[in-house]
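The values are calculated or read from the model by the stated rules, or taken from the named source; none is laboratory data. Predicted, not measured: the structure shown is a model, and the values here were computed from it. Quick reminder, even Gly has a Cβ in these numbers, built from the backbone with ideal geometry, and neighbours come from all protein chains shown. Ligands, DNA and RNA are excluded from the accessible area calculation, which covers all protein heavy atoms including side chains. Shrake-Rupley method; radii C 1.70, N 1.55, O 1.52, S 1.80 Å.
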Amino acid sequence: MSFTLDSLLIEGTKVLSEAGVEEASLDARYLLFEAFHTDLTHFILDRFNAISEDELILNRIDQYRSMIEKRSQRIPLQQITGSREFMGLEFYVNEHVLIPRQDTETLVELILKDFKGSKPVVLDMCTGSGCIAISLTKLGLFECVTGVDISKEALSVARRNVEALLGTGGITLIESDLFEAIGPGQKFDVIVSNPPYIPTEIIKGLQPEVRDFEPMLALDGREDGLFFYRQLVLDGRRFLNPGGSVYFEIGYDQAEAVSGLFIDAGFAEIRVVKDAAGLDRVVCAVLK
Ligand code: GLN
């Protein structure tokens, strides 16, 4: 029997929608393009042509079907393709890091805007894939950015992204449980973090892609979701230069609680910034 790209797409879409994947046809199309090294323009032109069944094509069909099979187990698309775009840059991702979210671009864009033309010394706490640290360095031309993570596996993903996007020596990566391994004399102008912030109870109800395949270590903000903000606000003070700032990504309903933590710790100029969907997404403050 002969195949067309269109028939393969229909086949993949059916498998994914039966598995309950929300955007079945979009995801199948994405995986088809990936397996066939093609794009929308060529797909539109070629979709109804019978495809030759030489070895190369048969391999691509196999690869496509195996990616569809993985996606039908609800493995996130980006873990299957190994990549995710963030701030216009291509990041390598795997199961050891949170897949960069568009929401987090709000955090990066705000820092780029606030520090336009200056070169703050930055600490990115819980760096994961390195997407925040790397995009600040690349797009803000910041010269002194350090990324910290507790996970060795996450740090090797970050290292790979640093090498691909910045070359060696682009940023400093440190394995540390929060500030534990940071030298007491180290001072920063900005501490930025997208820490785990989902309350443990809520995690059970998340979609399987997140709940079953993204690292729990990057999601679980303990009982009330605020564990890491508390630690970072309290301990972070010692690592900030006078007038230094802290920028947090937050869950949509955490602005008030996190602002309260800043106030209690003596921070000022607290701002809450919304994401593209109009939800509270960033809280930042200055140490007076
Ligand atoms: N925004 C992520 C999500 O909703 C959570 C990120 C985090 O815990 N830092 O899945």
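Find how many whole Å separate the alpha carbon centroid of segment 219-276 from the alpha carbon centroid of segment 82-123.
18 Å
May I ask for the Rg/Rh ratio of segment 183-245, computed from Cα atoms with Rh as the Kirkwood radius, given to two decimals?
Rounded to two decimals, Rg over Rh is 1.12.
Taking the mean number of other Cβ atoms within 10 Å as a proxy for protection, how do you rank 45-54, 83-92, 155-164 from highest to lowest?
The packing order, highest mean first, is 155-164, 83-92, 45-54.
Would you mind computing the Rg to Rh ratio of segment 57-169 from its alpha-carbon coordinates, Kirkwood style for Rh?
1.06
Tell me the per residue accessible area of the chain using a 1.4 Å probe; a whole number in Å² is fine.
Solvent-accessible surface per residue comes out at 48 Å².
For segment 277-286, what does the Karplus curve 6.51 cos²θ - 1.76 cosθ + 1.60, with θ = phi - 60°, yield as ³J(HN,Hα) per residue in whole Hz, taken in order and with x for Gly and Pro?
Those phi angles translate into 8, x, 9, 4, 9, 9, 10, 9, 7, 10 Hz.
All other residues with a Cβ under 13 Å from the Cβ of residue 200 taken together, and with Lys, Arg as +1 and Asp, Glu as -1, what is their net charge?
-1
Add +1 for every Lys or Arg and -1 for every Asp or Glu among the other residues with Cβ under 14 Å from the Cβ of residue 249, and state the total.
Values: positive: 101, 271, 274, 281; negative: 103, 105, 109, 124, 253, 275, 280.
Once all neighbours under 14 Å are counted, the net charge is -3.
Report the calculated FRET efficiency for residue 143 and residue 263 (r = Cβ-Cβ distance, R0 = 25 Å), to the nearest 0.05.
The pair residue 143/residue 263 has a calculated efficiency of 0.20.
Can you send over the carbon and sulfur percentage of the accessible area for segment 3-94, probe radius 1.4 Å, protein chains only?
That fraction is 50 percent.
Report, in degrees rounded to the nearest 10, the 0 to 90 angle that the Cα long axis of helix 227-236 makes with the longest principal axis of the chain.
Long axis of 227-236 versus the principal axis of the chain: about 40 degrees.
Using a basic spin-label model with each label point 7 Å from the Cα along Cα→Cβ, how many nm lie between residue 53 and residue 4?
A separation of 1.7 nm, rounded to one decimal place.
With a 1.4 Å probe and every protein chain kept in, tell me what percent of the accessible surface of segment 238-284 is carbon plus sulfur.
Answer for segment 238-284: carbon and sulfur cover 54 percent of the accessible area.
For helix 103-114, what angle does its Cα long axis make with the longest principal axis of the chain, in degrees from 0 to 90 and rounded to 10?
Taking the Cα atoms of the chain, the angle to 103-114 is about 50 degrees.
Applying the Karplus parametrisation 6.51 cos²θ - 1.76 cosθ + 1.60 with θ = phi - 60° to the phi angles of segment 74-86, what ³J(HN,Hα) value in whole Hz is obtained for each residue in order, glycine and proline being reported as x?
After applying 6.51 cos²θ - 1.76 cosθ + 1.60, I find 6, 5, x, 3, 5, 6, 6, 7, x, 8, 8, 8, 8 Hz.
Counting only Cα atoms, I'd like the Rg/Rh figure for the chain, Kirkwood definition for Rh.
Answer for the chain: 1.04.
As a quick test, which of the pairs 152/288; 152/274; 70/152; 187/274; 113/138 have an alpha carbon distance above 23 angstrom in this structure?
Correct reply: 152/288; 152/274; 70/152; 187/274.
Would you tally the net charge around residue 162, using a Cβ to Cβ cut-off of less than 12 Å, leaving residue 162 out, and scoring K and R as +1, D and E as -1?
So the surrounding residues net to +1.
May I ask you to derive the relative contact order of the chain, considering only C-alpha pairs under 8 Å and at least 6 residues apart, and to give it as an integer percent?
14 percent
Using the Karplus curve 6.51 cos²θ - 1.76 cosθ + 1.60 with θ = phi - 60°, what ³J(HN,Hα) values do you get for each residue of segment 47-59, in whole Hz, with x for Gly and Pro?
With coefficients 6.51, -1.76 and 1.60, one gets 4, 9, 7, 5, 9, 4, 10, 7, 4, 4, 5, 4, 4 Hz.
When you take every Cα atom in segment 173-281, what is the radius of gyration, and what is Dmax, the widest Cα pair distance, in Å?
Over segment 173-281's Cα set, Rg and Dmax evaluate to 14.8, 44 Å.
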